[in-house]
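Read the figures in this text as sums done on the coordinates, not as results from a lab. Fair warning: this is a prediction, and the values are worked out from it, not measured in the lab. We place every Cβ from the backbone using ideal geometry, glycine too, and count neighbours over all the protein chains shown.
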Protein chains: 2
Amino acid sequence: MSKLEKAIVAIVEVFEEYAGTDEDKRKLNNAELGALIKAQLSCPEFKDKVDEGDAKEALEGIDKNHDGQVSFKEFSKCVANLSEGYFKKKYGKEKGGKCKHHK
Amino acid sequence: MSKLEKAIVAIVEVFEEYAGTDEDKRKLNNAELGALIKAQLSCPEFKDKVDEGDAKEALEGIDKNHDGQVSFKEFSKCVANLSEGYFKKKYGKEKGGKCKHHK
């Protein structure tokens with residue numbers, strides 16, 4: 001499998017690992033979500049590289065329908081938002097037309 | 001870094017690798033997108049595990065504003081949709097309201 005395919009499989013596996021501790025293996029309950037965030041999204045080396053506002057938004061928005069249950073769809077969107085926050089911090093906000101000529 | 005953090009970094013790195021072949025390093029043009037899909041999302045072992053409709057939708061929806069340029073935001077959403085397609089094929093469609101009472 002390619003690097004991207006492996007990353008996708010890893011996202012699913014992390015969700016499975018944490019969602020699988022109660023009877024509903026397809027949803028993260030509040031405790032499972034807390035455990036996931038603590039273990040998987042708390043490395044300072046990573047956090048330092050993600051736009052703070054984006055990270056906050058991604059994590060607060062994770063349970064959009066506020067039922068205390070996070071589906072894989074909600075989780076995968078959160079991961080997309082976090083990766084966008086990582087990209088944004090690295091490259092700056094999307095504007096910067098001035099640098100168009102640099103190679 | 002955790003498994004999830006590494007997956008997020010990998011998604012950014014794959015985008016960078018393919019977006020970096022022309023002057024606009026922050027967007028995938030059509031050729032770059034084609035090269036990325038060919039090299040990174042064509043492994044039969046992976047494709048077999050993704051819901052076909054979801055994969056089609058994810059890849060067709062990648063350039064939503066149809067400007068021939070794929071931003072990281074669009075790309076990360078596509079990756080989220082692909083991972084959802086992978087999850088869905090593994091666990092079946094989200095329905096099963098009958099089980100609402102289970103813990």
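Binning all Cα-Cα separations of chain A at 5 Å, short to long from zero, yields these whole-percent fractions: 2, 12, 19, 21, 18, 12, 7, 4, 3, 1, 0, 0.
Computed from Cα positions, the angle between helix B:72-91 and the longest principal axis of chain B comes to roughly 30 degrees. Think of chain B as having a plus end and a minus end, set by charges on the Cβ of Lys, Arg, Asp and Glu; of B:Leu59, B:Gln69, B:Leu4, B:Leu4 sits farthest toward the positive end of this dipole. With label points defined 7 Å past Cα in the direction of Cβ, position A:Glu13 shows copy-to-copy spacings of 1.5 nm, given to one decimal and shortest first.
Taking a straight Cα-Cα cut-off under 13 Å and skipping sequence neighbours fewer than 8 places away in the same chain, the aspartates and glutamates within cross-link reach of B:Lys3 are A:Glu13, A:Glu16, A:Glu17.
Using the Cβ-Cβ distance between B:Lys25 and B:Ser2 with R0 set to 25 Å, the FRET efficiency from 1/(1 + (r/R0)^6) comes to roughly 0.35.
Taking loop as defined by DSSP and a crowding limit of 12 other beta carbons within 10 Å, which GluC sites (Glu not before Pro) in segment A:1-41 fit?
Counting only loop positions with at most 12 other Cβ atoms within 10 Å, the GluC sites (Glu not before Pro) in segment A:1-41 are A:Glu23.
Distances between copies of B:Asn65, taken at a point 7 Å out from Cα along the Cα→Cβ vector and listed shortest first: 3.0 nm. Within the set A:Lys47/B:Lys56; B:Lys38/B:Lys64; A:Lys25/A:Lys89; B:Lys25/B:Lys90, which residue pairs have Cα atoms separated by over 31 Å? The answer is A:Lys47/B:Lys56; A:Lys25/A:Lys89; B:Lys25/B:Lys90.
The sum of -39500 (n - 2.57) across all DSSP H runs of n ≥ 4, divided by the residue count of chain B, sets its helix-only mean residue ellipticity at 222 nm to -18500 deg cm²/dmol. Normalised Debye scattering of the protein assembly as shown at q = 0.10, 0.12, 0.13, 0.16 Å⁻¹ gives log10 I(q)/I(0) of -0.43, -0.61, -0.72, -1.07, counting only Cα atoms as equal scatterers and leaving out solvent.
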